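The values are calculated or read from the model by the stated rules, or taken from the named source; none is laboratory data. Keep in mind it's a predicted model, so treat the numbers as computed, not measured. Backbone-built Cβ (ideal geometry, glycine too); neighbour counts: all protein chains shown.
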Amino acid sequence: MARLAIREVGPRDGLQNEEPLNVERRAEIVSALCRTGLTDIEAVSFVSPKAVPAMARAADVLELVDRRSEVRLWALVPNVRGAQMAVDANVDALTVTLSACPVYNEKNINRTIAESVSGIGDIVKIADGRPVDVVISCVFGSPYTGDEPTGTVPDLMNQLSEQGVDRFTLADTTGMATPHRVERVIHKTGVDVGLHLHDTRGTALLNAMTAVSLGVTRFDTAVGGLGGSPFAQGAGGNLATEDLVHIANDDPMIESGVDLALLLAVSADLATAVDHPLPSRVANHGPAR
């Protein structure tokens, strides 16, 4: 049986493009997600509040979360300063992003890929034993060049491994992935990677199940299917957590460990918080009965 390791990114990736919620409301959403059976939640990001207003006061959000010992709280950090702030706020693990596309990397992070690789090594040192997951964006295609940098991704992973990184997530930043592209990439990288899938073209769930059939078990998903990169025009929302959990919980060969009913309650509350319908199909139509 395949046990999925789902990292919920809704409180960070899902909310970063929404009208800012107050600190208390964001902490309530994270706390509710902690009670669903999810074991990894990307709760905040320590980025400039001027650049991403919805992620302001990350440390205050973490302070109010009803933390549980079985749940790891992750924070996205852009640089050494953000990493130190996250460590000071007592996060359990860090995510860092860089792109396989040089153009996107410079627009998103304002660094060359080589500069990003070097900076991530410094972040690993600050993490001081905490897990550091490098999310490599544009793996399945670039919104700027159209290129699919399949061949360069293993080399990039090797460079990062030399900096002390031992965990990678491959991101479909603008939803260009197809099952064929997923197979091609996984055959290059191996199955010990996570996937961060966006549903721009309605293929995220299909791509996830293709990856599961290949042996991949780690996935980033967002409750309600919210999210998308503010630096990639046309990027759709994330693979909805409840959509993946719905499929997994109905398959005797897959296990999610997540209570779908509790997750759907969080999704409904989130729709109220952001004041618009959510993309998730299961949230809108309910689970199969």
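Computed quantities for the displayed model
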read-out: Residue match in region 172-191 (condition: aliphatic (A, V, I, L, M), touching a strand residue (DSSP E or B) at 6+ places or on another chain (Cβ under 6 Å) and either modelled with pLDDT of 95 or more or within 18 Å of Ser256 (Cβ to Cβ) (or both)); value: no
read-out: Count - residues of region 8-17 that are modelled with pLDDT of 95 or more and surrounded by fewer than 24 Cβ atoms within 10 Å (Cβ to Cβ); value: 0
read-out: The listed residue being assigned to a strand (DSSP E or B) and either farther than 26 Å from Asp172 by Cα or free of Cβ contacts under 8 Å to residues at least 60 places away in the same chain (or both), out of Ala86, Ala54, Ala114, Ala43; value: Ala43
read-out: Subset of region 57-70 (residues that are buried (at least 18 other Cβ atoms within 10 Å of the Cβ) and farther than 15 Å from Glu28 by Cβ); value: Ala58
read-out: Residue in region 146-157 that is assigned to a helix (DSSP H, G or I) and out of contact with any helix residue (DSSP H, G or I) (no Cβ under 8 Å at 6 or more places or on another chain) present; value: yes
read-out: Scope region 275-289; condition in a helix (DSSP H, G or I) and in contact (Cβ under 8 Å) with a residue 24 or more places away in the chain; matching residues; value: Arg281, Val282, Ala283
read-out: Residue count for region 59-83, restricted to those that are among the aliphatic types (A, V, I, L, M) and part of a loop (DSSP other than H, G, I, E, B); value: 3
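Yes/no per residue for (1) buried (at least 18 other Cβ atoms within 10 Å of the Cβ); (2) in contact with a Ser or Thr (Cβ under 8 Å, 6 or more places away or on another chain); (3) of a type in the set (Ser, Thr, Tyr):
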| site | (1), (2), (3) |
| --- | --- |
| Thr210 | yes, no, yes |
| Ser213 | no, no, yes |
| Val223 | yes, yes, no |
| Gly257 | no, yes, no |
| Leu263 | yes, yes, no |
| His285 | no, no, no |
